[in-house]
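Below: the structure, in structure tokens.
What follows is calculated from the coordinates using simple rules that are stated; it is not laboratory data. Remember, it's a predicted structure, so these values are computed and weren't measured experimentally. Note that we place each Cβ from the backbone using ideal geometry, even for glycine, and neighbour counts take in every protein chain shown.
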Amino acid sequence: MPNVVFKDEPLEMEFNQKGYVKVPFLNEEEIEYLKKMFFDTIAESGGPKTSGDVDFDTNSLITYDFTFIDKNTDYKRKVFKIITEAFQNKTNHYLNNYRPIIANFIRKQQDGGEVPMHQNWAFVDEEKYTSVSVWVPLVDSNEENGTLQMVDGSHKRFGKYRGPMIPWELRNLKEEIVSKHLTPMNVKAGECVVLDDSIVHYSNVNKTPGLRLAIQLILVPQEAGTIHYHLDREKDKTKIQVLETDLDFYMDFHPWLKPTGKKELRTVRYIEQSLTYKDFLKGLAASRFDEKKQKAPAPLFNDPETQCHFEKDGYVKINLLNESEVKDLKEYYLSLKHDHIGQYGFHISLENKNADYVKGVFTKLFSVFVPKLDKVLTNYKTFTASYVIKEAGLQNIVPPHQDWSFIDEDQYCSATVWVPLMDVNKNNGALGVIKGSHKLFNYQRQSPSPQAKTVLSPHAFTLFPYVEVIEMKAGEALIFDNRTIHASPPNISGITRIGAGIGITQKDAQLLHYYQVPGKEEIVNVYSVDETFFPKYNNSVLSDLYNKGQSPSELKLLHSFKKNIPHIPDSEMKALVESLDGVKFNDSLVKELAELYNYNPDGTPKKRESIESKKETQKINTNENVVNETIYAKNSYKDPRTFFEKYTPSNIIAEIKYRLGKN
């Protein structure tokens, strides 16, 4: 990661998460002084430099005024002095050792001033440093008068090399991004937005009769050398020149002229790109380009081809246990006394409250699994074990999710070895996965559930149609990355489905536990743990602690961090998943599940066959989010949503309660 930007740690955390922060900045007296300075000096302006001055062919039309492209260098220097002197104490208060390089008065006249969606140019090597713009409106700023609007979390993810002659990779996506992704900065006069210069942002026209006046000051770390990326398309359109710059460069610079007299530090290879909207969504979810590049985790599999499939798809299926081993594990499970089985129908032995019970399961599963895995895996260790059970019934559907984070996933990989102890298919709750989904998100998943929300929390049933159910024979193993999105349909076979699973990771990986802090849901504590943690701290124990406002205090706390989980609308989540190779909408699964839960695939309910009375119908329809059938009968409106968009978890719970009550 690059330099620390803010002196205040919470501001630094927020800035790293969103790419900007809002802070108090100027008082009324300071605002009025800067307004006066603008009007007192504007007569000295030489007007903007344009592409027409140098006969440069461009479609860019600048409809706002800002000092940086003024023809009068003396005027630019005067504005720079006015703004830097007025801002110095303020920026020193917030920023960690920064110096200014560019200062702008920015004004928008009525019915003009749209600033196209863009990223600011790169002024430093952004793999090492972060430059910022301090943006301060001198009048209240809102969407009506063309305020700044941000794409949250887009910083350091696009346009690594940015300059006036370099085609921007998001240039063809204005409509999609502006309509779906912008957060407007509605701020009072004198408030400040500090933004990473690499964040994607935009501002609309000023629709008010007044002048929208603002100040921008661009600053870089004191220790960072400033640079300029230049692409000479006539000379070589595959190489970007990295030029050394200084303060005079920005005072004299003409954006449509090739810089002269500047030292070339190096060249970088360049291939022009124009990203699609799906590329953009992937980029938002990907790692930042300034994050430390880690070596690929050590392989888990002996066979390179199997390892390759695991890394590509997020899972592999292999033969593991023989018939006698399957029988042994099944008989052991049936011999146990279970005290943890609730009404939901899906349960794991790890939730049992008897420590000897849990310890016995660990010992038994490890004794059978490990000798077989030793022939398949390399330099690995096991850390958790459990029977995974689905009783018969509709109530045991498991929506798409990812497992907890168990290690530092930038350095290592954890996985589950899941083995059914009977043949499994879509009728008895076989496991299903979304192929390649382990590559979609780079967020730690914390406990407990359901209190700790993840990026997938709002999308469980949005994602179900993209799940591929994996049919398996008893004793086969599905080994999947814990980041892989997985789910399972209900067990409608009438027979309990018994499976077993263990957790694995690289032998030298430090086991970790990520725990959401009670009362401070945005903060996650990271604990160092070992194999003894998992039998003791199951989700129920952690959930009880959380509800009491407590944390597992006996554990070693390594550090805490602020969650960085973006909100992703349903349509974008679908587009993101559909961009994965080999993933498609599972129409047959949607139809079958809709039929099971008495719904049509378009989200409309089917007529219940066994309703005994109108009174009972009315009672059913009062359940939260259950669609009133009478309304559908009388209204010609057809809900365009699919079964999975309409059939939310609360719908399913209501349906389950109804069906259980009838049986």
For residue 375, go through the aspartates and glutamates and keep the ones whose alpha-carbon is under 17 Å away, minus same-chain ones fewer than eight residues off.
303, 305, 325, 476
The pairs in 22/439; 22/108; 327/591; 49/108 lying past 24 Å Cα-Cα in this model are 22/439; 327/591
Take peptides 147-157, 547-557 and line them up by average Cβ neighbours within 10 Å, highest first, as a rough protection proxy.
147-157, 547-557
0 to 90° range, to nearest 10: angle between helix 323-335 axis and the chain longest Cα axis:
80 degrees
Counting Lys +1, Arg +1, Asp -1, Glu -1, what net charge surrounds residue 181 among other residues with beta carbon under 13 Å of its beta carbon?
0
What's the angle, to the nearest 10 degrees (0 to 90), between helix 304-313's Cα axis and the longest principal axis of the chain?
70 degrees
Multiply the residue separation of residue 309 and residue 558 by 0.36 nm, subtract the distance between their alpha-carbon atoms, and state the gained length in nm to one decimal.
86.3 nm
So if each residue of separation counts as 0.36 nm, and I subtract the Cα-Cα distance between residue 318 and residue 567, what length gain in nm does that give?
86.0 nm
Considering only DSSP states other than H, G, I, E and B, which GluC sites (Glu not before Pro) in region 272-375 qualify as loop sites with at most 12 other Cβ atoms within 10 Å?
272
Order these by the 10 Å Cβ neighbour count, fewest first: 433, 583.
583, 433
For the chain, find the longest principal axis of its Cα atoms and tell me its angle to the long axis of helix 9-18, 0 to 90°, nearest 10.
80 degrees
Rounded to the nearest 0.05, FRET efficiency between residue 3 and residue 425 (Cβ-Cβ, R0 45 Å) equals 0.25
Positive end of the dipole of region 419-569, charges at C-beta (+1 Lys, Arg; -1 Asp, Glu), about the Cα centre: which of 515, 472, 419 has its Cα farthest in that direction?
515
Taking the Cα-to-Cβ direction at residue 457 and at residue 78 and moving 7 Å from each Cα, how far apart do the two end points lie in nm?
5.5 nm
Overall form of region 457-499 per C-alpha gyration tensor (a/c, 1.5; a/b vs b/c)
oblate
Full-extension gain in nm, residue 222 to residue 606, via 0.36 nm per residue minus C-alpha separation:
131.5 nm
Which FRET efficiency value, to the nearest 0.05, is calculated for residue 596 and residue 521 with the Förster distance at 35 angstrom and r the Cβ-Cβ distance?
0.50
Let me make sure I get this right: for region 370-418, a, b and c are the square roots of the gyration tensor eigenvalues over alpha carbons, sorted descending. Under 1.5 in a/c it's rounded, otherwise prolate if a/b > b/c, else oblate. Which is it?
oblate
Of the trypsin sites (Lys or Arg not before Pro) in region 363-448, which ones lie in a loop per DSSP and count no more than 16 other C-beta atoms within 10 Å?
375
Which of the GluC sites (Glu not before Pro) found in region 457-519 are in a DSSP loop and have at most 15 neighbouring Cβ atoms, other than their own, within 10 Å?
471
If each of residue 233 and residue 110 carries a label point 7 Å out from its Cα toward its Cβ, how far apart are those two points in nm?
3.8 nm
Taking the Cβ of residue 150 as the centre, find all other residues whose Cβ is under 12 Å away and add up their charges (Lys, Arg: +1; Asp, Glu: -1).
0
Can you sort 187, 178 by how many other beta carbons sit within 10 Å, fewest first?
178, 187
With R₀ set to 56 angstrom, the calculated FRET efficiency between the beta-carbons of residue 208 and residue 471, to the nearest 0.05, is 0.35
